[in-house]
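Visitor: Can you read through this structure? Questions will come right after.
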Amino acid sequence: MYSKEVLDHFEHPRNAGVVAEPDAQATIENPACGDILKLTIKIASGRIAEIRFQAKGCVASMACASAMTEIVGGMTVAEARRLRREEIVGAVGGLPQASMHASHLTMDALGAVLSKVAKQ
């Protein structure tokens, strides 16, 4: 049902945890399924120097969060704001239709944390 990339990100999550002394943090909950995603971020010279996540949810939510942190790490804040949901779905090798909510949750959390970072 899940791609090998989804399972790899779920079994070996990248950037799990909390950034020490973050510049911004955001927690988003999907009320329909109960998944919760928290992001913490550190910005240096206009770039995402560190981003970490904590998730309580399904396999797809954890995989999407892990993949997103890999994608945006090192990007400028402006570049990260332009990330598209389809890029996350592609990075995890696709998602079943019933799991697409995970990519929306991830993008909502990213948007929320970036909205708390000064325009860079």
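Rule-based calculations on the coordinates, nothing more; no lab input. These figures come from a predicted structure and were not determined experimentally. With ideal geometry, Cβ positions are generated from the backbone for all residues, glycine too; neighbour counts draw on all protein chains shown.
Visitor: According to the Cα gyration tensor, what semi-axes, each the square root of 5 times an eigenvalue, does the equivalent ellipsoid of the chain have, listed from largest to smallest in whole Å?
Guide: Output for the chain: semi-axes of 22, 14, 13 Å.
Visitor: At 7 Å along Cα-to-Cβ for each site, give me the label-to-label distance between A20 and A112 in nm.
Guide: If labels sit at A20 and A112, their model points lie 2.6 nm apart.
Visitor: So, by mean Cβ neighbours within 10 angstrom, what's the order for 83-96, 103-116 with the highest one leading?
Guide: Listed from highest to lowest mean packing, they are 103-116, 83-96.
Visitor: May I ask you to compute the full-extension gain from M100 to A49, defined as 0.36 nm times their residue separation minus their alpha-carbon distance, rounded to one decimal in nm?
Guide: Extra length available between M100 and A49 comes to 15.6 nm.
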